[in-house]
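Since every read-out is calculated from the coordinates, none of them should be taken as a lab result. The structure presented is a predicted model; accordingly, all values stated were derived computationally and were not measured. Please note: Cβ atoms are built from the backbone with ideal geometry, for glycine as well, and neighbour counts cover all protein chains shown.
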């Protein structure tokens, strides 16, 4: 066996845990660099129009081509992805807080539990996009409106999972036995319940990101989200619609692909973190 | 001497009455075997005695006092040890939730120190049951209700576990109520056999 072959074999022989960690690390690094690049790019220089090179196809100088105002699409896409990550982060935090509050609240008694379930079902029964548009408009639109709209609508799946999980743990026999040993409710919540739901929360937050990002892009695309001067992916895509018929395919192709890539990365991280935190589920 | 008493206990699931006017008494030097057919309410009685079921009629007392809050002097050992352990806890934490026995008792039960670092899913049923029994043998325990604790074990392990349990129980003056539908086991282990049908109406 040659040396390179040996090396190759060794890489594939990594155990699952190391491989999972490696995947998470690489994916996180990419996301982090996209986010940081936003602060390193000179916004005004990049977004200033340059009519000498409008509508150029992808080249080594302009990886993703240029648009009808001569702006470099690669830079615009990077900035757009940065905005998406920002919206996703804020919205996920808001959603998670709501989900945790409702999940914990539902374990108080049956009446509260019924009320929480009703609220979850109510939010779940309204068409998502419609609700996001309405909330976004109610908060005055813009970045703030989009964050609030996405944040206030994405908590339902996590709240439902947490409610069920807490309920399951609370009725388990080891909790009953814990009270037999004279442990207080606080002790049980801290030692038994919290460590068991924390992994659900972490995974829930990461898997909320792709949804939040996709919804941000879709309402920006529809014109209810971020203002038109922001380089958001949704805006880029909706602008490119006018130029697609002229054959400027790169205006939509690369930013769309980049968005898809971003979403897939988050999904990948979420799934792998889930595997790490809850190893039994990986064998299902 | 500690006395556990169940007076006029009645309980049913919905309209289906299972226990009618049950009276039972034992002290902490006894090992009593309770025999009953399948579905006669043995497990229900265990849950009532240990406070897992609270909406029953009648009274369960230890030395004339009802249990409310704090460590329950009547402890239940289950048929399925894996259900009463947090699957994400190491065995050391599981045991310490109740107490940490000294070396002598650990040896008596044949518990190895290296098991402490494992999770419940990494031990066998017999090994888990030893931990489960040991947890119930906290010095504050006065009575132990053993609900079919050895049915899933092979004969050799059954003998080992029962011998260890009875040795420690007698040393610490813990009363043992052994619930089973295995008459031979009851005859072998207990001082006295009680039929569930005799103590209820």
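The table that follows gives values for the structure above.
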item	result
Unit Cα scatterers, Debye sum, region B:1-94: log10 I(q)/I(0) for q = 0.17, 0.20 Å⁻¹	-0.86, -1.10
Pairwise FRET efficiency - residue B:152 versus residue B:2, Cβ, R0 = 35 Å, nearest 0.05	0.70
Global form of chain A, assessed from the alpha-carbon gyration tensor, a/c cut-off 1.5	oblate
Per-residue Cβ neighbour rank within 10 angstrom, fewest leading, B:127, B:114, A:216	B:114, B:127, A:216
Between helix B:155-171 and chain B: long-axis angle, C-alpha atoms, 0 to 90°, nearest 10	80
Zero-based 10 Å bins, Cα pair distances in the protein assembly as shown, whole percents	4, 15, 19, 17, 14, 12, 9, 6, 3, 1, 0
Ranked B:16, A:128, A:154, criterion: other C-beta atoms within 10 Å, fewest first	B:16, A:128, A:154
C-alpha long axis of helix A:128-138 to longest principal axis of chain A, angle in °	80
Label-reachable residues, region B:80-122, where backbone N falls under 20 Å from a point 7 Å from residue A:173's Cα toward its Cβ	B:80-99, B:119-122
Exposure proxy ranking, count of Cβ atoms within 10 Å, fewest first, for A:266, A:221	A:221, A:266
Crossing angle, helix B:125-136 versus chain B [Cα axis fit, 0-90 degrees, rounded to tens]	70
Size-normalised alpha-carbon gyration radius of region B:98-189, reference 2.2 N^0.38 Å	1.06
For region A:73-176, convex hull volume per residue from C-alpha positions, Å³	112
Alpha-carbon centroid distance for the pair region A:130-192 / region A:101-115, whole angstrom	10
Compactness of region B:48-201, expressed as Rg and Dmax over alpha-carbon positions, Å	15.8, 50
Full-extension gain in nm, residue A:63 to residue A:134, via 0.36 nm per residue minus C-alpha separation	21.8 nm
